[in-house]
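Laboratory data are not the source of any read-out in this text; all were calculated from the coordinates shown. Small disclaimer: the values here were computed from a predicted structure and weren't measured. As a convention, Cβ positions derive from the backbone with ideal geometry for all residues, glycine included, and neighbour counts pool all protein chains shown.
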Amino acid sequence: MKTAIYPGSFDPITYGHLDIMSRAAKLFDKVIVLVSYNPAKPNCFFSLEERIEFVKRALGELKNSENIEVDSHDGLLVDYFKKREADVIIKGLRAMSDFEAEFQMALVNKDLFYKAETIFLAADVTGTFLSSSMVKQIAAFGGDVSAFVPHTIITDITSKLEIKK
Ligand code: PNS
C-alpha cells in the first residue's frame with residue numbers, strides 16, 4: 001500500500017491542484033491532500049477551515065476521489081509524513097520558476113527524514129500559468145475565474161472578496 005501526501009496552502013484550490021490530485025490518485029493507493037501552513041505565506045486569504053472545505057467540495061467534481069483523504073497540519077511536513085507512514089510527497093511543477101523553491105524543499109525534507117522522497121508531477125499544459133494568487137487577483141477585480149477554480153467554490157471566493165473590499 002503506497003501512500004502519497006500532497007501538501008499545499010490551497011488558498012484557494014484551483015483546477016491545477018485538482019488535476020494533480022486526480023493524477024496522483026491513479027498512481028498511489030492513497031493520497032492525503034494536506035492543507036498546510038507555509039511560513040512564507042503567513043496571512044492566507046481564506047481560513048484553514050475554508051480551505052479544507054473548498055478542497056473537499058472540489059473533490060466532489062472528481063470521478064476518482066475514493067482514495068483521496070483531506071487533512072491539515074501546521075508543523076513540519078516530515079513529522080506528519082512519519083506519523084502517517086507515508087511513502088512520497090507529491091508536488092506539482094508548473095514552470096521553471098517553481099523549480100528552485102520546490103527543489104530546495106525536496107532536499108530539505110529528504111535531509112530532515114531520509115525516507116521523505118518527493119515526486120514532481122508536471123502541471124497540465126493548461127494549468128502552467130495558473131496560481132491561487134492569480135485567481136484571487138482576477139476575482140478581486142471582478143474577473144471571471146470559472147475556468148480556473150471548481151464551480152462549487154466560486155461564489156464563496158467572490159463573496160469573501162466582496163466583503164473584504
Ligand atoms: O502551496 P504552497 O504554499 O507552495 O505549499 C508549501 C508548503 C505548505 C507545502 C510548505 O511550506 C511546507 O511544507 N510547509 C510545512 C513546513 C515545513 O515542513 N517546512 C520545511 C520544508 S520546506
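Normalised by the number of residues in the chain, the mean separation of alpha-carbon contacts (under 8 Å, six or more apart) gives a relative contact order of 28 percent. In a simple Cβ point-charge model (Lys, Arg +1; Asp, Glu -1; nothing else charged), the stretch 3-164 has a dipole of about 40 debye relative to its Cα centre.
By the beta-carbon count within 10 Å of each Cβ, the least crowded to most crowded order of Asp111, Asp98, fewest first, is Asp111, Asp98. May I ask you to list the residues of the stretch 106-136 whose amide nitrogen lies under 13 Å from a point 7 Å from Cα along the Cα→beta-carbon direction of Leu27? 117-124, by backbone N distance to the label point. If R0 is taken as 22 Å, the Cβ-Cβ distance between Asp111 and Ser131 corresponds to a FRET efficiency of 0.20.
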